[in-house]
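The structure under discussion appears below in the form of structure tokens.
The values are calculated or read from the model by the stated rules, or taken from the named source; none is laboratory data. Everything numeric here is computed off the predicted structure, so don't read it as measured data. Please note: Cβ atoms are built from the backbone with ideal geometry, for glycine as well, and neighbour counts cover all protein chains shown.
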Amino acid sequence: MECRVGQTTVHYVEHGHGTPVLVLHGAGVDHREAEACFDPGLDVDGLRRLYPDLPGMGRTAAPPSIRSADDVLDILLGFIDRVARGGDLLVAGHSAGAHYARALAARRPGVTGLALICPLLPDTHDVPTHAPVIARDDLGDAGFHGYFVLQTPEMLDRYERFVAPAAELVDAVAMDRIGQRWELAAAGEPYVGPVLLVAGRRDSTVGWAATADLAEVYPRATLAVLDDVGHALPHEESTLLAALLQDWLRRVATTRSDGPPGR
């Protein structure tokens with residue numbers, strides 16, 4: 001499906017009907033990774049799951065007018081206005097997708113839940129070196145070895161189906177342009193609705209310590225730091241992630257029944 005926002009045509013897929021859930025993938029991939037990793041936990045009655053390709057990735061082009069993360073955020077806000085059409089909204093993201101998800105929750109009224117998985121944060125610290133739990137030099141390529149700490153045939157299959165195919169679709173020039181201005185301008189009210197924070201203790205891309213710090217920022221946060229997984233946590237602990245997402249949905253539903261969600 002496609003949605004026109006200014007000069008940008010956003011490609012996305014959706015599943016289900018009901019309250020929209022916007023799920024944002026990380027850098028260098030496209031909607032297929034987020035769809036494969038998040039949908040098992042979000043596939044419930046009453047949810048309309050939206051998986052867009054971020055500008056410069058997948059089938060969403062990034063025209064020269066998109067020069068920063070704030071420009072990408074403006075595209076996402078426009079996308080929500082057109083596709084979600086106001087009302088309640090849940091937002092989830094992995095890595096750079098979580099970076100945008102935080103800003104969306106702070107700036108858009110009506111967000112009833114926020115899930116941040118291995119989020120890219122401006123104050124990242126204490127990032128460990130890459131240390132595979134299961135190392136297999138005979139499996140996969142350098143991209144697989146650098147992303148996964150569980151280098152098993154099962155993880156290689158997921159990498160080859162949901163991660164690697166997006167590489168040839170990445171607009172490297174656009175990504176470099178946006179990456180030079182990746183930090184988002186501070187704006188919006190602090191989010192106070194139900195939050196899920198999940199990090200991998202062996203995440204050598206963004207670490208886990210800064211994610212744990214967010215437990216003090218969000219008053220209704222559940223924090224899970226998972227041992228023996230890295231930045232590919234949504235693949236390496238897919239079953240546990242689905243369970244955590246289910247618990248998050250339960251908390252969101254409770255908030256709706258108790259009173260106004262979000263801010």
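Output the number of the condition that His125 fails; it satisfies all remaining conditions of (1) outside any helix (DSSP H, G or I); (2) buried (at least 16 other Cβ atoms within 10 Å of the Cβ).
Going through (1) outside any helix (DSSP H, G or I); (2) buried (at least 16 other Cβ atoms within 10 Å of the Cβ) one by one, His125 breaks only (2).
Please find, within the range 142-169, the residue that is farthest from Pro55 (Cα to Cα) out of those that are assigned to a loop (DSSP other than H, G, I, E, B) and among the β-branched types (Val, Ile, Thr).
Looking at residues that are assigned to a loop (DSSP other than H, G, I, E, B) and among the β-branched types (Val, Ile, Thr), I get Thr152.
Among the listed residues Ala185, Ala172, Ala166, which satisfies the condition of being surrounded by fewer than 17 Cβ atoms within 10 Å (Cβ to Cβ), touching a residue at least 24 places away in the same chain (Cβ under 8 Å) and under 28 Å from Ser65 (Cβ atoms)?
Ala185
Mind checking whether some residue in the range 78-99 is surrounded by fewer than 19 Cβ atoms within 10 Å (Cβ to Cβ) and within 20 Å of Ala185 (Cα to Cα)?
yes
If you scan the range 50-65, which residues turn out to be buried (at least 24 other Cβ atoms within 10 Å of the Cβ) and more than 14 Å from His11 (Cβ to Cβ)?
Passing the criteria: none in range.
Among the residues of the range 193-223, what is the count of those that are under 25 Å from Pro109 (Cβ atoms) and either crowded, with 16+ Cβ neighbours inside 10 Å or of a type in the set (Lys, Arg) (or both)?
10
Would you pick out the residues in the range 147-163 that are out of contact with any strand residue (DSSP E or B) (no Cβ under 9 Å at 6 or more places or on another chain), surrounded by fewer than 16 Cβ atoms within 10 Å (Cβ to Cβ) and of a type outside the set (D, E, K, R)?
Answer for the range 147-163, where residues must be out of contact with any strand residue (DSSP E or B) (no Cβ under 9 Å at 6 or more places or on another chain), surrounded by fewer than 16 Cβ atoms within 10 Å (Cβ to Cβ) and of a type outside the set (D, E, K, R): just Pro153.
State all residues of the range 75-116 that are over 22 Å from His11 (Cβ atoms) and not in a helix (DSSP H, G or I); if no residue qualifies, say none.
Passing the criteria: Gly86, Gly87, Asp88, Pro109, Gly110, Val111, Thr112, Gly113, Leu114, Ala115, Leu116.
Hey, can you tell me all the residues within the range 4-62 that are assigned to a helix (DSSP H, G or I), in contact with a Phe, Trp or Tyr (Cβ under 9 Å, 6 or more places away or on another chain) and not small (Gly, Ala, Ser)?
His31, Arg32, Glu33, Glu35, Cys37, Phe38, Asp39
For the range 170-224, name all the residues that are part of a loop (DSSP other than H, G, I, E, B), acidic (Asp, Glu) and closer than 26 Å to Tyr147 by Cβ.
Asp171, Glu183, Asp203
Only one of Arg136, Arg161 is modelled with pLDDT of 95 or more and farther than 22 Å from Ala34 by Cβ. Can you tell me which?
Going through Arg136, Arg161 in turn, the sole match is Arg136.
Failed condition for Ala105, given (1) touching a Pro at 6+ places or on another chain (Cβ under 8 Å); (2) touching a residue at least 60 places away in the same chain (Cβ under 8 Å), with all others met?
(1)
Is there any pair with a first residue in the range 138-163 that is touching a residue at least 60 places away in the same chain (Cβ under 8 Å) and a second that is surrounded by 18 or more Cβ atoms within 10 Å (Cβ to Cβ) and of a type in the set (Lys, Arg) whose Cβ atoms are under 7 Å apart and which are 6 or more apart or on different chains, and what are they?
Val149/Arg202; Phe162/Arg32
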